[in-house]
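Down below is the structure, laid out as structure tokens.
What follows is calculated from the coordinates using simple rules that are stated; it is not laboratory data. None of the values given here were measured: they were computed from a predicted structure. In this analysis, Cβ positions are derived from the backbone assuming ideal geometry, glycine residues included, and neighbour counts consider all displayed protein chains.
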């Protein structure tokens with residue numbers, strides 16, 4: 001006997017763009033958090049990135065003031081909880097439990113909101129906590145880095161690292177809304193401002209040749225962190241990511257393909273091997289360069305296009321080689337190659353990787369030749385020595 005029904009769930013994924021989200025005159029957050037009950041104020045718990053709070057000392061006070069001026073419609077259940085950011089926060093379930101304990105203590109329910117204000121790592125932790133408390137509270141992300149505003153903050157994944165593997169524990173849980181506030185990028189150091197550029201290059205390479213040409217034309221302005229250029233890059237990158245999530249037919253990755261992780265099979269391994277000395281964007285830049293050279297070696301990508309891609313990444317300020325690429329086990333095996341199996345295992349099924357047949361033209365392969373990967377690594381090493 002079999003009883004079968006088809007279940008369809010519609011998820012509106014909203015990404016707002018604004019400035020001064022916590023300024024008194026800005027009503028966007030209040031509109032987003034409008035109480036679904038229509039009566040009592042919407043109950044809200046806020047988690048803020050510690051490094052952001054230190055870089056912008058008035059931020060926590062501004063958040064409190066914003067809610068105090070709107071008590072008729074919003075209820076801040078506790079002062080903002082300041083939590084460390086960066087990849088280290090994802091290396092322990094303890095921080096998820098910290099948030100859980102506060103959600104319980106302040107009696108938030110499934111009609112309440114959890115607002116995460118910070119970079120991608122913090123948003124991953126906050127998102128996992130929100131998705132698992134009461135089986136799902138309403139999550140509002142306010143990303144504060146170029147990487148999270150352009151890429152990770154607008155996606156549907158949350159996760160933490162475990163067992164030496166990136167994002168081993170996590171959920172698919174679309175946020176209730178995302179609010180990108182460009183003013184929150186102002187205090188970022190250059191390393192963090194630059195990080196999100198690589199995800200824009202990535203999505204342009206597999207989806208949009210015109211966007212790639214635009215990035216090339218704006219490389220000097222982007223390298224100088226020109227605000228209008230940065231804003232345009234973030235908006236288009238976020239749009240392309242949402243288009244893929246909404247239109248790919250596989251938003252929760254039930255299949256074995258993950259095109260938006262082009263260049264990531266090695267990047268995730270490099271982050272781990274460097275003990276996260278390499279930040280995500282830096283590791284992805286190396287991963288892109290590696291797969292670009294591999295695509296060229298296989299005859300899929302022209303030499304001219306490969307050079308354009310590598311040159312653009314370098315103009316944007318990325319280094320395309322790290323010694324972790326040649327780390328070996330005691331048996332003499334290159335450890336970066338372990339990333340292939342870890343990537344396959346993380347997705348499941350057959351190994352499926354995105355490579356390039358041209359700028360703006362990604363396609364799938366199901367195997368990589370380790371000897372050619374090593375040749376690509378050696379080429380990157382020589383290129384770095386000549387710079």
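Quick notes on this structure:
- Highest-MSF residue in the chain out of 55, 130, 177 [GNM, Cα springs under 10 Å]: 55
- Taking all Cα pairs closer than 8 Å and separated by 6 or more residues, the relative contact order of the chain comes to 14 percent.
- Between the range 239-294 and the range 174-232, the Cα center-to-center distance that results, in Å: 16 Å
- Helix 280-297 and the longest principal axis of the Cα set of the chain meet at an angle near 30°.
- Taking the range 15-185 and dividing mean pair separation by its residue count, relative contact order in percent (alpha carbons under 8 Å, at least six apart): 25 percent
- The label point for residue 220 and the one for residue 361, both projected 7 Å from the Cα toward the Cβ, are 3.1 nm apart.
- Exposure proxy shown here: for 33, 310, 2, the number of other Cβ atoms within 10 Å sets the order, fewest to most, as 2, 310, 33.
- Cα long-axis angle, helix 94-105 against the chain (0 to 90 degrees, to the nearest 10): 20 degrees
- When the chain is treated as a Gaussian network with alpha carbon springs shorter than 10 Å, the biggest mean-square fluctuation among 40, 14, 88 belongs to 40.
- In degrees, nearest ten, helix 120-132 long axis to first principal axis of the chain (Cα): 60 degrees
- When shorter helices are ignored and each DSSP H run of at least 4 residues is given -39500 (n - 2.57), the per-residue value for the chain at 222 nm works out to -13500 deg cm²/dmol.
- Taking the chain as a Gaussian network of alpha-carbon nodes connected by springs under 10 Å, the highest mean-square fluctuation of the residues 304, 291, 261 belongs to 304.
- Put the Cα centre of the range 335-387 next to the Cα centre of the range 1-61 and the gap is 37 Å.
- Förster radius 56 Å - calculated FRET efficiency between residue 186 and residue 109 (Cβ-Cβ, nearest 0.05): 0.95
- Cβ-Cβ FRET estimate between residue 369 and residue 167, R0 fixed at 22 Å, reported to 0.05: 0.25
- Mean separation of Cα contacts under 8 Å (6+ apart) over length of the range 133-268, as relative contact order %: 28 percent
- Order of 82, 126, 46 - criterion: other Cβ atoms within 10 Å of each residue's Cβ, fewest first: 82, 46, 126
- Modelled this way, with points 7 Å down the Cα-to-C-beta line, the labels at residue 73 and residue 23 are 1.8 nm from one another.
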